[in-house]
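Engineer: Could you have a look at this structure, given as structure tokens, before my questions?
The values are calculated or read from the model by the stated rules, or taken from the named source; none is laboratory data. Small disclaimer: the values here were computed from a predicted structure and weren't measured. With ideal geometry, Cβ positions are generated from the backbone for all residues, glycine too; neighbour counts draw on all protein chains shown. Protein only, heavy atoms only, side chains kept; ligands, DNA and RNA dropped before computing areas. Shrake-Rupley method; radii C 1.70, N 1.55, O 1.52, S 1.80 Å.
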Number of protein chains: 2
Amino acid sequence: MTAIKAIAFDMYGTLYDVNSVAARCNALFPGRGEEMSRIWRQKSLEYTWLRSLMEDYRPFEAVTEDALVFTCAQLGLSLDAAARSALCEAYLHLEPHPEVPAALAELEATGTTLTILSNGSAHSIGSVVRNSGLEKHFAALLSADSVKVYKPHHAVYEIAEQQLGLERTEILFVSSNPWDASGASHFGFPVCWVNRGGKTFDELGQAPDHVVTGIDALPAYLEARNGH
Amino acid sequence: MTAIKAIAFDMYGTLYDVNSVAARCNALFPGRGEEMSRIWRQKSLEYTWLRSLMEDYRPFEAVTEDALVFTCAQLGLSLDAAARSALCEAYLHLEPHPEVPAALAELEATGTTLTILSNGSAHSIGSVVRNSGLEKHFAALLSADSVKVYKPHHAVYEIAEQQLGLERTEILFVSSNPWDASGASHFGFPVCWVNRGGKTFDELGQAPDHVVTGIDALPAYLEARNGH
């Protein structure tokens, strides 16, 4: 088995909790935060896939805002400009999952190159990472925006291979999103699926090489896999 | 405005009620039919989009079965081979929405060429249409399978243009699915959105040219539009 030299992390859901916007939603629309956050996230994903298929790319922040407009319309919630802006801003201040900061420090200490490869724009990725104080761990923050299409299109996964100057088999792709893990596996990355909540993996003809319940399990996995 | 010479109907949801499989689901898994049918439909759609983006095409019946397997796993329902087969078979026996048979007859009488353009395979489309006795109204049944990618990729919409030998502006695309109506509009079809249930249109940068609550409103729309 090829030794892993770098890790490419998905960001939304994998390192950062997308449901951390639910509290902000709930403050604006009491009792509706969970439902709103769930539909907003689902629609954001759908819009990235649909726009990619339609070949009608639009930056991630704009897609996120479109999905918010849809969500509020569907739920019958009145969204003024201030609320819209506050909620989109909340997506730049996501909280990392609890185990993430210490696990990143431990992984970095092993000499593994750490990167993020996300559908988010460079601005979004940079803001989320800086706002959580974790930027020091990453050698590169890679955005789908540079190829104007979203995951799971192969062009996005290729960014990591090209920017890191490594073979895809040397890059461990880590995602909590089954569709993303499937796309990365189809592309040819070794893939670790982070299944924090007992979710069901997607039936897209792929299986993850490894499954963990948090990224704090990655140092031991790398050690076992690389045979150090 | 260019006169409409043909109509391309989406099939699933637009002419036929995809929730008509809920009763069959409920017979096998009492009390879970609605939830199961809803997740199954949503996952089927996601898998068509994701496989198209991954450039890993798989025939529609297989994608539908994959989505069923996921749905049962997620809901903790045990799916044996007989149930799996019975449920997939149910997707070949969908019921048309109530107004559809009479409306198709009325539209056909106006001399408008009627076609179906669906993500379903030729076998699926043919089965659904024959099993409901509506095949006589259609000049052509067009399947995404011929281009090995799914809507809303432009290659699927192009099938209608090419097979009908008409300009896209002469073909009215009719769909109840906002993402499909959006894709067709982006492609350049005039689009009618069938909104039977007070749904919210998607925020994909497109708007339908016309909105109806059932296809029985199409003859009057065509007459007004074509100026007869």
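Engineer: Residue by residue through the range A:152-171, note down the ones that are of a type in the set (Val, Ile, Thr) and over 12 Å from A:Thr115 (Cβ atoms). Spell out how you get there, then give the answer.
Structural biologist: Quick first cut of the range A:152-171, residues of a type in the set (Val, Ile, Thr) only: A:156, A:159, A:169, A:171.
Once the filter is applied, which keeps residues that are of a type in the set (Val, Ile, Thr) and over 12 Å from A:Thr115 (Cβ atoms), the range A:152-171 yields A:Val156, A:Thr169.
Engineer: Here's another thing I want to ask about it. If you go through the range B:27-48 one residue at a time, do you hit one that is farther than 30 Å from A:Tyr47 by Cβ, of a type in the set (A, V, I, L, M, F, W, C) and in contact with a Gly (Cβ under 9 Å, 6 or more places away or on another chain)?
Structural biologist: Within the range B:27-48, the first condition is being farther than 30 Å from A:Tyr47 by Cβ, and the residues that meet it are B:27-31.
Then drop every residue that is not of a type in the set (A, V, I, L, M, F, W, C), which leaves B:27-29.
With the extra rule that they be in contact with a Gly (Cβ under 9 Å, 6 or more places away or on another chain), the set shrinks to B:27.
Yes, there is a match, as at least one residue in the range B:27-48 is farther than 30 Å from A:Tyr47 by Cβ, of a type in the set (A, V, I, L, M, F, W, C) and in contact with a Gly (Cβ under 9 Å, 6 or more places away or on another chain).
Engineer: Within the range B:163-179, restricting attention to residues that are part of a helix (DSSP H, G or I) and of a type in the set (A, V, I, L, M, F, W, C), which residue is least open to solvent (accessible area, probe 1.4 Å)? Outline the logic, then answer.
Structural biologist: Here is the first cut: in the range B:163-179, the residues part of a helix (DSSP H, G or I) are B:163-164, B:168-170, B:178-179.
Okay, now just the ones that are also of a type in the set (A, V, I, L, M, F, W, C), so B:164, B:179.
Numbers: B:Leu164: 41, B:Trp179: 18 Å².
Looking at residues that are part of a helix (DSSP H, G or I) and of a type in the set (A, V, I, L, M, F, W, C), I get B:Trp179.
Engineer: Just to be sure before I move on: is A:Thr14 in contact with a Lys or Arg (Cβ under 7 Å, 6 or more places away or on another chain), open to solvent by less than 50 Å² (accessible area, probe 1.4 Å) and among the polar types (S, T, N, Q) in the structure I sent?
Structural biologist: no
Engineer: Look through A:Ala90, A:Ala73, A:Ala82 and report the one residue that is open to solvent by less than 30 Å² (accessible area, probe 1.4 Å) and either farther than 25 Å from B:Gly198 by Cα or out of contact with any helix residue (DSSP H, G or I) (no Cβ under 8 Å at 6 or more places or on another chain) (or both). I'd like the intermediate steps shown before the answer.
Structural biologist: Details: A:Ala73 fails: open to solvent by less than 30 Å² (accessible area, probe 1.4 Å); A:Ala82 fails: open to solvent by less than 30 Å² (accessible area, probe 1.4 Å).
From the options A:Ala90, A:Ala73, A:Ala82, the qualifying one is A:Ala90.
Engineer: With the structure loaded, tell me whether B:Leu53 is more than 11 Å from chain A (Cβ to nearest Cβ), open to solvent by less than 10 Å² (accessible area, probe 1.4 Å) and touching a His at 6+ places or on another chain (Cβ under 9 Å) or whether it fails that test. Outline the logic, then answer.
Structural biologist: Details: more than 11 Å from chain A (Cβ to nearest Cβ): no; open to solvent by less than 10 Å² (accessible area, probe 1.4 Å): yes; touching a His at 6+ places or on another chain (Cβ under 9 Å): yes.
Criteria not met by B:Leu53.
Engineer: I'm trying to understand the selection: among the residues of the range B:93-111, which are surrounded by 18 or more Cβ atoms within 10 Å (Cβ to Cβ) and in contact with a strand residue (DSSP E or B) (Cβ under 7 Å, 6 or more places away or on another chain)?
Structural biologist: Within the range B:93-111, B:Leu94, B:Pro96, B:His97, B:Leu104, B:Leu107 meet the criteria.
Engineer: Taking the condition of being among the charged types (D, E, K, R) and outside any helix (DSSP H, G or I), how many residues in the range A:121-150 meet it?
Structural biologist: Going through the range A:121-150 one residue at a time, the tally reaches 1.
Engineer: The conditions are (1) within 17 Å of the chain's Cα centre (by Cα); (2) within 14 Å of chain A (Cβ to nearest Cβ); (3) under 16 Å from B:Asp17 (Cα atoms), and B:Met36 fails exactly one of them. Which is it?
Structural biologist: (1)
Engineer: Counting just the residues of the range B:185-213 that are free of Cβ contacts under 8 Å to residues at least 40 places away in the same chain and charged (D, E, K, R), which one comes out most open to solvent (accessible area, probe 1.4 Å)? I'd like the intermediate steps shown before the answer.
Structural biologist: Let us first name the residues in the range B:185-213 that are free of Cβ contacts under 8 Å to residues at least 40 places away in the same chain, namely B:185-188, B:191-193, B:195, B:197-213.
With charged (D, E, K, R) added as a condition, the list becomes B:199, B:202-203, B:209.
Details: B:Lys199: 107, B:Asp202: 8, B:Glu203: 67, B:Asp209: 90 Å².
So, considering only residues that are free of Cβ contacts under 8 Å to residues at least 40 places away in the same chain and charged (D, E, K, R), the one most open to solvent (accessible area, probe 1.4 Å) is B:Lys199.
Engineer: State yes or no: is B:Ser182 out of contact with any strand residue (DSSP E or B) (no Cβ under 7 Å at 6 or more places or on another chain), more than 13 Å from chain A (Cβ to nearest Cβ), in a helix (DSSP H, G or I) and buried (at least 20 other Cβ atoms within 10 Å of the Cβ)? Before you say what the answer is, go through the steps one by one.
Structural biologist: Numbers: out of contact with any strand residue (DSSP E or B) (no Cβ under 7 Å at 6 or more places or on another chain): yes; more than 13 Å from chain A (Cβ to nearest Cβ): no; in a helix (DSSP H, G or I): yes; buried (at least 20 other Cβ atoms within 10 Å of the Cβ): yes.
So B:Ser182 fails the test.
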